[in-house]
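Here the structure is laid out as structure tokens; the discussion comes afterwards.
Since every read-out is calculated from the coordinates, none of them should be taken as a lab result. For clarity, every value in this text was computed on a predicted model and none was experimentally measured. Cβ sites come from the backbone with ideal geometry, for glycine too, and all protein chains shown count toward neighbours.
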Amino acid sequence: MKLNTEHLLTIRDLSPAEVRGLVASAAELKAALKGAGHEKPLAGQSVALIFDKPSTRTRVSFEVGINQLGGNTLFMTSRDSQLGRDEPLKDTARVLSRYVDGVVVRTFGQEVVSELARWGDIPVINALTDRYHPCQVLSDLLTVQERFGKLDGLTYAWLGDGNNMAHSWLEAAAALGLTLNLACPEGFTPDPEIVAHARDKGAVINLGDDPRQAVAGAQVVNTDVWASMGQEGEADQRVKSFGGYTLDQKLLSLADPEAIVLHCLPAHRGEEISDEVMEGPQSVVWDQAENRLHMQKAILEALLGPQESETT
Ligand code: CP
Ligand code: NVA
């Protein structure tokens with residue numbers, strides 16, 4: 001499939017049909033990989049990965065995915081490039097555009113990915129900023145689709161920090177008209193603009209501070225670290241602020257008995273999630289991690305694949 005956007009900076013860039021189309025395309029790529037194989041729509045293309053924060057899943061799934069699609073990768077950080085010596089983003093964007101066919105960026109400010117997209121003429125993919133983690137949530141939709149055979153008519157719960165993951169879930173809810181219950185302590189709620197946008201688009205967003213209420217009857221229960229990358233200095237204080245938010249078996253027992261547990265990983269067992277839940281039968285976190293690979297490939301194919309490809 002092709003997308004009507006040149007970049008993937010946030011799920012808001014995508015139409016509802018495009019979100020569903022990426023999930024379908026990722027499922028097809030997954031089946032093909034496990035079967036007779038698939039095409040190499042990135043043959044001859046080079047993709048730069050600029051990562052200013054650590055990564056296991058995102059980096060490896062993009063690098064392996066690009067290789068499986070026939071392309072090649074260059075891994076960089078700001079520190080070991082001239083970005084670390086204050087070369088402007090607008091200059092870097094125009095130079096990279098002369099060498100590579102796309103850029104995957106993990107950084108702090110959303111304005112970094114926006115600036116690279118504005119000045120370059122190659123697709124920019126947001127591999128996580130402080131504000132959003134779109135590729136993760138798109139891939140999580142694939143995991144939900146696999147488990148329930150649908151995305152609609154389910155209750156989604158988000159527990160903990162109103163962070164980049166919560167923001168991308170809100171944007172997924174906006175695109176698809178999902179019901180999303182969020183429980184976030186005071187001071188850690190999502191950006192009100194993103195909440196308002198999701199409601200305006202028709203999503204049912206229930207935002208409160210009671211984890212039990214958020215989880216009650218939910219089919220998809222989601223949590224994430226209490227201190228995201230860049231917030232390590234606040235970790236001890238945050239552990240205190242998030243008291244009562246640990247997703248343990250007692251809390252999970254309030255969800256639908258068929259509920260699945262999602263965590264984008266890395267997880268801090270004993271903080272936002274108990275070891276029992278992580279390792280328990282409702283946890284789908286390993287499938288969830290695997291699906292990053294398949295969704296990255298769907299995104300790459302859609303943005304960098306041959307223009308003549310038809311939407312399936
Ligand atoms: N979930 C996720 O983005 O993991 P990494 O930080 O390991 O890439
Ligand atoms: N919210 C987490 C997600 C890690 C994949 C962070 O930004 O560190």
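Quick look at the numbers
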read-out: Label-point separation, Asp80 to Gln213 (7 Å along Cα→Cβ), nm; value: 4.9
read-out: Charge-dipole axis of the chain as Lys and Arg at +1 and Asp and Glu at -1 on Cβ define it, positive-most pick from Phe62, His294, Tyr99; value: Tyr99
read-out: Per-residue [θ]222 nm for the chain (sum of -39500 (n - 2.57) over DSSP H runs n ≥ 4, rounded to 500); value: -12500 deg cm²/dmol
read-out: Between helix 110-119 and the chain: long-axis angle, C-alpha atoms, 0 to 90°, nearest 10; value: 20
read-out: Dimensionless Rg ratio for region 216-255, taking C-alpha atoms and the 2.2 N^0.38 Å reference; value: 1.39
read-out: Principal-axis tilt of helix 16-34 within the chain, Cα atoms, nearest 10 degrees; value: 80
read-out: The chain: most fluctuating residue of Trp169, Trp286, Trp226 per GNM, C-alpha cutoff 10 Å; value: Trp286
read-out: Student exercise, the chain dipole from Lys, Arg, Asp, Glu Cβ charges, in Debye to nearest 20; value: 520
read-out: Gln249/Met229 FRET efficiency (R0 25 Å; Cβ-Cβ; nearest 0.05); value: 0.35
read-out: Cα gyration tensor category, rounded, prolate or oblate, for region 157-272 with a/c compared to 1.5; value: oblate
read-out: Highest-MSF residue in the chain out of Ser168, Ser78, Ser283 [GNM, Cα springs under 10 Å]; value: Ser78
read-out: Selection from Leu151, Ala32, Thr189, by position along the positive dipole direction of the chain (Cβ); value: Ala32
read-out: Folded to 0 to 90 degrees: helix 89-99 orientation relative to the chain principal axis, Cα; value: 60
read-out: Positive-end residue, the chain charge dipole about Cα centroid, Cβ charges, pick of Gly230, Leu22, Leu138; value: Leu22
read-out: Extended-chain gain in nm, criterion 0.36 nm per residue less alpha-carbon gap, Ser241 and Asn67; value: 58.4 nm
read-out: Percent of Cα-Cα distances greater than 19 Å, calculated over region 238-312; value: 51
read-out: Unit charges on C-beta of K, R, D, E only; dipole of region 178-312, Debye; value: 180
read-out: Tensor-based shape of region 23-179 (alpha-carbon gyration tensor, a/c under 1.5 rounded, otherwise prolate or oblate); value: oblate
read-out: Rg to Rh quotient for the chain, alpha carbon positions, Kirkwood Rh; value: 0.96
read-out: Simple Cβ-charge dipole of region 23-99, Lys/Arg +1 and Asp/Glu -1, about Cα centre, in debye nearest 20; value: 120
